[in-house]
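Okay, structure first, notes after.
Every number in this text was worked out from the coordinates using simple rules, so none of it is lab data. None of these values were measured; they are calculated from a predicted model. All Cβ positions, even for glycine, are placed from backbone atoms using ideal geometry, and neighbour counts span all protein chains on display.
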Amino acid sequence: MRLRLTVIYSSLFLVAGAALLSVTYGLVAGILPMRASPDQVSTYISKASSTQFSGPKICQPKPDFSGAEIKQCKDQANSVGQALADAAVQAERTQTLNRLLDDALGGLALVTLISALLGWIVAGRVLRPVHAITAAARRASEENLSERIALAGPSDELKELADTFDGMLGRLESAFASQRRFVANASHELRTPLTVMRTAIDVTLAKPARTPGQLEVMAAEVRQAVDRAEALIEALLTLARSDRGQGPRSALDLAVFAEDALDAAAPAIRAASITVDSALEPGTATGDPVLVERLVTNLIDNSVRHNVKDGWIQVRTGHRDGMAFISVANSGPVIAGTEVSMLFEPFHRGGPNPGPAAAPGAGLGLSIVRSVVVAHQGRVAAQPIPHGGLEVTVLLPVG
């Protein structure tokens, strides 16, 4: 690139210099006379009249010449003087133009070489930020993403490129850190039910005389742990699928999914004496039915899980701003505004006291919601309710 830029700079300078030389040559050629002046003609007539002049001689008037002969002699003298003077002027003009051309070409070649050297130096300085970006890219790895270029200087294209690269490194660092936290949390969450199962089995088997009742209690504990592990694995698989953004796309209705989710959560809703206020207008969108169904189910389950005794749930579906939407609001504990963004992080549980009719979740509900929304190029927003609770609104593209 540096050599290419140097060649481009030098070529442009050479073309511009040649154009300037051509214009200068034409102007000088236009200024220099092509015919001799009367004074120069008189001078060459005098030279031609001299006996020592080696060139053509001119007629010399004699006393016995008639008027016509004298006029003819003067005309011949003027013709010879004009020819000699014009020849001298042409020779001097040609010599001047040749000398100008030789000096100009030599100067143009010298200055072109100097411009090539300066172009090489300037190109190196211009490309220095690119070398810094390349070096930073070589040093970047999964374990080393904290380094930044932090290019200083004017706000030009190279600084914009360096800032963009710094932003990309920041996003990659955040993504890798989030991935490491996710793996660590997932490992911990999957280890918990396994530990429960192993403890229940070991305690029961350690008893010398096990009764059928003790075995049933152990089986119930193992079943609960298996259910929890199965729910966690299913949630992780759903999250992975939505992160890939792959799956069949077809027309769907958010109102139908919301109605089904409310029916599925009806036992938990009755157990907690929760009041449901639903206004399910058709909310047709295009997307992966499995992922969108999981999105709606998670919203309804979260509204039940993090509610309070004798609380309420409000569900709305329809169209807004040219997109299909579902809005789920519920009563519950007071949530600080600074904590809302953390609710969408994997394994972050929104409240210390889950709802009375729900088992503690894995902390992936809203994380899956956000991932599904991103996969469908939609929007999701959450805002706390002043007296306690949360409202989550999801908008999905219609087509």
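Using a Förster distance of 25 angstrom, determine the FRET efficiency expected from the C-beta separation of Phe176 and Gln377, and round it to 0.05.
0.55
Calculate, in nm to one decimal, what Ala209 and Asp227 gain on full extension: separation in residues at 0.36 nm each, minus their alpha carbon distance. Intermediate results must be reported in sequence, preceding the final value.
Values: separation 18, 0.36 × 18 = 6.48 nm, distance 2.82 nm.
Separation in residues times 0.36 nm, less the Cα-Cα distance, equals 3.7 nm.
Starting from the exponent 0.38 and prefactor 2.2 Å, build the expected Rg for segment 248-397 from its residue count and divide its actual Cα Rg by it.
In units of the 2.2 N^0.38 Å rule of thumb, it is 0.96.
Using mean Cβ contacts within 10 Å as the protection proxy, how do 259-270, 96-107, 207-218, 368-379 order, highest first? Kindly include the intermediate steps, with their values, before the conclusion.
Working: 259-270: 16.2, 96-107: 12.5, 207-218: 10.6, 368-379: 20.8.
Put in order of decreasing packing, that is 368-379, 259-270, 96-107, 207-218.
Fully extended, how many nm does the chain gain between Glu69 and Glu339 (0.36 nm per residue separation, minus their Cα-Cα distance)? Spell out each step's value before the answer.
On the way: separation 270, 0.36 × 270 = 97.20 nm, distance 12.33 nm.
Roughly 84.9 nm would be gained on extension.
Order of 303-313, 162-172 by packing, highest average Cβ count within 10 Å first? Can you show the working numbers first?
Details: 303-313: 21.7, 162-172: 14.8.
Per-residue mean Cβ counts within 10 Å order the peptides as 303-313, 162-172.
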